[in-house]
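Visitor: One structure, pasted below without further comment.
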Amino acid sequence: AWRGFFPVGGELTSGRPDLKEGVYFGAEKPPGPLPLHGPNLFPAQVPELRDAVLEYLGTMTGVAQAVMSGVALSLGLEEDYFRTGYTADPTILFRIFHYPPAPPDPDTWGVGEHTDYGLLTLLLQDSNGGLQVRTAHGWIDAPPLEGTFVCNIGDMLDKLTGGHYRSTPHRVRNRSGNERLSYPFFFDPGWDSEVPPLPYAPGHRWDGQVDFTGTYGEYLLSKVSKVFPSLFEGLS
């Protein structure tokens, strides 16, 4: 079900192991036939984590729906365009990432350059920093601001809007000398949702390649196969 702990080096970005470890959570579901669906794995040593995580998932789902309502209005669509369609039953993932201090090797990254593959990522950072975003003028730091989330656009929103909203290349290196924690919440279309471009953006290509056709679940599996090859082998 794509849940539970992974160790340092257990996740790949662009084919290279990341210098981070973490715990994966998602919507609490009973075991069933769909891949990447199922119950969460909560550590018995921290019994209060279950209620805290499930409450956080519910709260952040509401925040993400509100952000997507704003996106819909900015595109001249009805406010509930996404919540009554693509995200009526959203795919949600929540991760707690721990980054040990980075060694001086300039080629070692907590997570290398990448774009997220869904709609939105709402990221809560601790005070140690390390997140960088690529702009037209090069890389800039995205320092933590107290009381805020980083709202990151993913590839699927880029696709849906024909590039009106652009997915954001980013990377992380923990140079603080401290242990770094981050808490990304990923908000994506429903598993069975078809994901064609929005009506006003027909024929636009979102990544220079042939447009993806099919369901979001199929798209997600294709991405997971590159990040966690061993997990994908277990699904096939």
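Visitor: Considering only residues that are surrounded by fewer than 13 Cβ atoms within 10 Å (Cβ to Cβ) and of a type in the set (D, E, K, R), look in the stretch 124-158 and name the one that is nearest to the chain's Cα centre (by Cα).
Guide: In this case the residue turns out to be ASP141.
Visitor: Further, regarding this structure: So which residues in the stretch 68-79 are at pLDDT 95 or above and either open to solvent by 50 Å² or more (accessible area, probe 1.4 Å) or farther than 17 Å from THR161 by Cβ (or both)?
Guide: Matches in the stretch 68-79: GLU79 only.
Visitor: So the check is Cβ under 7 Å with 6+ separation or different chains; which pairs have a first residue in the stretch 20-39 that's over 20 Å from GLU218 (Cα atoms) and a second one that's acidic (Asp, Glu)?
Guide: That search, which allows pairs on different chains as well, returns PRO39/GLU28.
The values are calculated or read from the model by the stated rules, or taken from the named source; none is laboratory data. These numbers were taken from a predicted model, which means no experiment stands behind them. Reconstructed Cβ throughout: ideal geometry from the backbone, glycine too, with neighbour counts over all protein chains shown. When the accessible area is computed, the model is the full protein with side chains, heavy atoms only, and any ligands, DNA or RNA have been set aside. Shrake-Rupley method; radii C 1.70, N 1.55, O 1.52, S 1.80 Å.
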